[in-house]
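Each remark here refers to the structure printed beneath this line.
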Amino acid sequence: MKSFPIRLRLTLWYFSILAAGLLAFALFLMGEIHHAMHRTVDNQLRAHMAAVQQIANEDENKSPSALRHDLDEDVELAPDLTLLEIWGHDGQVVYRSYAMDRMQVPDLMTKSSGQPTTVYLASHPLRVLVQSMPASPNYIVMVAIPVRDFVEAIHQVKSTLWIAIPLLLLLAAGGGYWIAGRALAPMRSMIAAAETIHPGDLSTRLEVPRAEDELHRLALTLNRMLDRLQAGFERITRFTADASHELRTPIALLRTRTELLLRRNRHPEEYRAALEASLCELEETSALLEELMLLARADAGAETLRFSNCNLTELVHTATTMMQPLAEANNLTWSVIVPTQPVYLRGDEAALRRVLLVLIDNAVKYTPEHGRVEISLQATDRDITLTVRDTGIGIAELDLPHIFDRFYRADQSRTRGAGGAGLGLSIARWIVEKHGGTISVESTPTVGSVFRVTLPTAG
Ligand code: ADP
């Protein structure tokens, strides 16, 4: 059944549930009709029995002939219509109504049970009640009522039900199949639209059904998924294009330099200078390659951080010690403010050092001579904040929302020599977010910038 189309499965379920329901209803109805019939007839039997008892008890020691006479006279019992027979305790028939003879009802004394029972006489059903009467002399009384009409009526209802139920089921199954088809029609158009979507063009969207039902939500969900896929796909395409663009420049430079060098014989000093320049270029390129690979691994979820207990105070010291000579070379005023107590955090030490180096390197890089760079570390119960403040060139308001994007450089005309490839801050943001933290920037052009990294201490 699992491999059946939904439409057929729904119809089969609907059919089975309805069939079970109708069958239960039919059985219940038949049972109720049986009961109602028995109740009506049995009440009548008991009324007849009570009437006989009343007649028998009218006089003490009523003789059988007096009893017979009184019974024949009784209008209520109507002896020509009522099946009534009375025996004495010796088994002798004391009274037998005319109706008994007319309907040729045999002796039913053996049916004595005190409770009404159904007896079939040549396929004529009778409801019979036989009871002994505590009158004097004691009699055994039998009253009976033919129930053929009732039984036939029940048969009639039964056959109507057996014809009506299958017809109703067929009609309902057909209707169910049609309704399921209509309800699933938007699904078919969604499948057709989904078939046309391919990696080359992810701009197609599924038509959203107007009715705000599950299919409406499914179409919306799938469309949102397509939005994310398209954005992801575009990011990958852009990343690949940007990465190849970034790599092409140093390679072209190396090639041109080498070709120029090989055009004629040169002095060993010239070779040396060219090789040194190439080495510098190669070092930058391999650093770029390493950054690209890190981002690619991060996108694929393959880059994992190794968390341990890190001493952030020490980390700030190491990073600032590494960067200080560069700052001094640029004649920058340098200050490091850290708490006296060591600040600990669960994190990846190398990755956090990288974040600090990116921020300090940018601060140094984008701050003109005689500027100021300040690195501070603050800790509260809830979080730790690392701040790198500079009095550099600042960032224009238009660029601010983009500086954490890959390959984004605020000043697009700047060459790689002056700045980096525009990957430092995007790597820093990835690392900070992996630690559950946030990175933000405030900047005013020509005044300076403040980069703030906030890391939660818990977890
Ligand atoms: P890059 O390698 O180019 O420095 P980043 O991702 O580190 O790449 O930075 C992106 C851009 O943000 C930089 O190109 C620069 O324009 C701007 N930027 C980053 N830090 C600073 C800063 N401290 N002062 C001014 N501009 C900055």
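Could you tell me whether the range 117-163 comes out rounded, prolate or oblate from its Cα gyration tensor? Rule is a ≥ b ≥ c as square roots of the eigenvalues, rounded for a/c under 1.5, then prolate if a/b exceeds b/c, otherwise oblate.
Because a/c hits 1.5 or more and a/b exceeds b/c, the range 117-163 counts as prolate.
For the chain, take the longest principal axis of its alpha carbons; what is the angle in degrees between that and the long axis of helix 424-434, to the nearest 10 within 0 to 90?
On a 0 to 90 degree scale, this one is about 40.
Pairing the Cα long axis of helix 214-262 with the longest principal axis of the chain, what angle in degrees results, from 0 to 90 and rounded to the nearest 10?
Once rounded, one gets 20 degrees.
Select from the range 193-252 those GluC sites (Glu not before Pro) which occupy a DSSP coil region and have at most 16 other Cβ atoms within 10 Å, ordered by residue number.
Those that pass, being in a loop and sparsely packed, are Glu207, Glu212.
Averaging sequence separations of C-alpha pairs under 8 Å and six or more residues apart, then dividing by the length of the chain, give the relative contact order as a whole percent.
This gives 9 percent for the chain.
Given a Förster distance of 41 angstrom, what is the FRET efficiency for Thr196 paired with Ala300, based on the Cβ-Cβ distance and rounded to 0.05?
Numbers: r = 28 Å, r/R0 = 0.69.
The computed FRET efficiency comes out at 0.90.
How long is the gain from Phe233 to Ala185 if the chain were fully straight, where each residue apart is worth 0.36 nm and the alpha carbon distance is subtracted? Walk me through the numbers on the way to the answer.
Working: separation 48, 0.36 × 48 = 17.28 nm, distance 3.05 nm.
Stretched fully, the Phe233-Ala185 segment lengthens by 14.2 nm.
Could you derive backbone 3J(HN,Hα) for the range 85-91 from the dihedral phi with the Karplus parameters 6.51, -1.76 and 1.60 (θ = phi - 60°), listing whole Hz in sequence and x where the residue is Gly or Pro?
9, 10, 10, x, 5, 7, x
By DSSP, what percent of the beta bridges with both residues in the chain are antiparallel, rounded to the nearest 5?
On the way: 49 of 54 bridges.
Expressed as a percentage, antiparallel bridges in the chain total about 90.
Specify which residue in the list Ala302, Gly91, Leu262 is farthest towards the positive end of the charge dipole of the chain, using unit charges on the beta carbon of Lys, Arg (+1) and Asp, Glu (-1), about the Cα centre.
It is Leu262.
How large is ³J(HN,Hα), in whole Hz, for each residue of the range 299-308 in order, when computed from phi with the Karplus curve 6.51 cos²θ - 1.76 cosθ + 1.60 and θ = phi - 60°, using x for Gly and Pro?
The phi angles translate into 5, 7, x, 8, 8, 10, 9, 9, 8, 8 Hz.
Report, by chain and number, residues whose modeled amide H sits under 5 Å from the one on Asp348, excluding near sequence neighbours (fewer than 5 apart, same chain).
Answer set, sorted by chain and number: Ser308.
In square nanometres, what is one fourth of the surface area of the convex hull spanned by the alpha carbons of the chain?
46.8
Can you compute the FRET efficiency between Trp13 and Ile165 using 1/(1 + (r/R0)^6), with r the Cβ-Cβ distance and R0 = 22 Å? Round to the nearest 0.05.
Values: r = 18 Å, r/R0 = 0.82.
For Trp13 and Ile165, the calculated efficiency is 0.75.
Please give the length that would be gained between Ala287 and Ala273 if that part of the chain were fully extended, namely 0.36 nm times their separation in residues minus their C-alpha to C-alpha distance (nm, one decimal).
2.9 nm
Roughly how many debye, to the nearest 20, is the charge dipole of the chain about its Cα centre, given +1 on each Lys and Arg Cβ, -1 on each Asp and Glu Cβ, and no other charges?
The calculation lands at about 1840 debye.
Assuming 0.36 nm per residue, please report the length gained on full extension of the stretch His245 to Met103 beyond their Cα-Cα distance.
Full extension from His245 to Met103 adds 39.8 nm.
Ranked highest first by the average count of other Cβ atoms within 10 Å around their residues, in what order do 223-229, 354-360 fall?
354-360, 223-229
Bear in mind that the values in this text are calculations on the coordinates, not laboratory data. All values reported here derive from a predicted model rather than from experimental measurement. In this analysis, Cβ positions are derived from the backbone assuming ideal geometry, glycine residues included, and neighbour counts consider all displayed protein chains.
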